[in-house]
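Everything below concerns the one structure shown next.
The values are calculated or read from the model by the stated rules, or taken from the named source; none is laboratory data. Note that the structure is a prediction, hence the values are computed from the model and not measured. Counting neighbours? That spans all protein chains shown, and the Cβs are built from the backbone with ideal geometry, glycine included.
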Amino acid sequence: AILPYCQALEKLAPHIQQVSMESNGKGVSIEGVQLPYESGEIDFG
C-alpha cells in the first residue's frame, strides 16, 4: 500500500497505480526486440 503522509502527496498513489498498469504486459526491449523471458516492474520507495 502507498499511504501519503501529507496532503501534497494525495495524488501520488493514483499516479503510481497508473504507471504500474501502463507497465504491465510489456514484452519488448528498448530496441523493439521480443524478450525471451517475462518482464515485470520494480518499485523503489
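Taking the conditions (1) at pLDDT 80 or above; (2) surrounded by fewer than 11 Cβ atoms within 10 Å (Cβ to Cβ) in turn, I42 satisfies each one other than (1).
Output yes when any residue across region 24-32 is of a type in the set (S, T, Y) and either part of a loop (DSSP other than H, G, I, E, B) or modelled with pLDDT of 85 or more (or both), and no when none is. Yes, that holds for at least one residue.
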